[in-house]
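Worksheet for the structure shown next.
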Amino acid sequence: MATTSLTETLRLASGHVDLTAYDSRETPGFDGTKKDQPRAMAALADALSDHQERLYAAGATGTGDQRLLLVLQGMDTSGKGGTVRHAVGLLDPQGVRVTSFKAPTEEELAHDFLWRVERALPEKGQVGIFDRSHYEDVLIGRVRALAEPEEIERRYEAINAFEEKLVESGCTVVKCFLHISPDDQLERLRARLDDPTKHWKYNPADVDERLLWPRYQEAYEIALERCSTDAAPWFVVPSGRKWYRNWAVAQILAEHLAALGLEWPEADFDVAAERERLDATADVGSAVA
């Protein structure tokens, strides 16, 4: 259903970032409506499965050092968890590692902010998912003044250097900002209160954070502008429509996995000889003990 490369369509343009200029309910790159999305997702499942298996095979056989890291960031209710379930859920869990970063522990606080992130990186052949990430340290860290301004400023360059090193090591970094509007968030928080089965998802602290919306938007704009690089660009995914958000992230994943251009690893044994050996065991099950 993608009319053009979604990687190019949603890639953040260089220069000043103004999130108010982005419509959270747009559906760029999708040639259809909500009713067409299930068919588009089903089509993506086959492509994702094929490319992910090639990646996993290369890692398992030691024939490649490629890996992929998907970073999901967004305001509360933007749908990070839903994206993991519906988009990342199309992947084989055997080759996926999901990490959800919460408030740092005492041990983590004793190290540089990137220490815990480095410990959660995907291994060769794997797809790693960060539900929130190292960007929290320049987002809530900035809004809530959890670090000195000089330290926050240092972290932008530290992030860029960290991600560039990751890419140089064979890791494809895909960063998706799940963009919603204040009205989208209000609607979703109300829905959680209206539905007893979703009360568990509601956190009274979400209202306190919502009151800081302008400050969070400013923090995101700075982070997106400062940390969208050629090595690891940001993609702004309109997330006011959940069905589009899920498809868009899955499509971006599929495009990046395909861009790796991986072939199936060649056998390191004599295939013909092994076929003969295997055929010779055809009657092994009928042998009398």
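The values are calculated or read from the model by the stated rules, or taken from the named source; none is laboratory data. Keep in mind that what you see is a predicted model, and the values were worked out from it rather than measured. Glycine gets a Cβ as well: all are built from the backbone with ideal geometry, and neighbour counts include every protein chain shown. Each accessible area value is taken on the protein alone, full model and side chains, heavy atoms only, with ligands, DNA and RNA left out. Shrake-Rupley method; radii C 1.70, N 1.55, O 1.52, S 1.80 Å.
Tabulated results
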{"item": "Leu260 being within 30 Å of Ile180 (Cα to Cα), out of contact with any Lys or Arg (no Cβ under 7 Å at 6 or more places or on another chain) and aliphatic (A, V, I, L, M)", "result": "no"}
{"item": "Of all residues making up the stretch 167-187, the number that are open to solvent by less than 80 Å² (accessible area, probe 1.4 Å) and either modelled with pLDDT under 95 or over 16 Å from Lys80 (Cβ atoms) (or both)", "result": "9"}
{"item": "Those helices (runs of 4 or more DSSP H) lying entirely in the stretch 1-100 with at least 3 residues open to solvent by 20 Å² or more (accessible area, probe 1.4 Å) and in contact with a Leu (Cβ under 8 Å, 6 or more places away or on another chain)", "result": "37-61"}
{"item": "Subset of the stretch 188-206 (residues that are within 25 Å of the chain's Cα centre (by Cα), hydrophobic (A, V, I, L, M, F, W, C) and surrounded by 11 or more Cβ atoms within 10 Å (Cβ to Cβ))", "result": "Leu189"}
{"item": "Yes/no for Glu148 being closer than 30 Å to Leu68 by Cα, acidic (Asp, Glu) and either out of contact with any Lys or Arg (no Cβ under 8 Å at 6 or more places or on another chain) or modelled with pLDDT of 95 or more (or both)", "result": "no"}
{"item": "Residue list for the stretch 103-118, restricted to those being open to solvent by 90 Å² or more (accessible area, probe 1.4 Å) and touching a helix residue (DSSP H, G or I) at 6+ places or on another chain (Cβ under 9 Å)", "result": "Glu107, Glu118"}
{"item": "Residue within the stretch 231-243 that is open to solvent by 80 Å² or more (accessible area, probe 1.4 Å) and farther than 21 Å from Thr77 by Cα present", "result": "no"}
{"item": "Arg226 vs. criteria under 25 Å from Ser14 (Cβ atoms), of a type in the set (Lys, Arg) and at pLDDT 95 or above", "result": "yes"}
{"item": "Residue count for the stretch 265-283, restricted to those that are exposed (fewer than 10 other Cβ atoms within 10 Å of the Cβ) and part of a loop (DSSP other than H, G, I, E, B)", "result": "8"}
{"item": "Selection status of Ile129, closer than 28 Å to Tyr244 by Cα, among the β-branched types (Val, Ile, Thr) and outside any helix (DSSP H, G or I)", "result": "yes"}
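Let's see how each residue does on (1) closer than 27 Å to Gly240 by Cα; (2) over 19 Å from the mean Cα position of the chain (by Cα):
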{"residue": "Met41", "(1), (2)": "yes, no"}
{"residue": "Asp50", "(1), (2)": "no, no"}
{"residue": "Glu53", "(1), (2)": "no, no"}
{"residue": "Thr61", "(1), (2)": "no, yes"}
{"residue": "Gly82", "(1), (2)": "yes, no"}
{"residue": "Val88", "(1), (2)": "yes, no"}
{"residue": "Leu91", "(1), (2)": "yes, no"}
{"residue": "His111", "(1), (2)": "no, yes"}
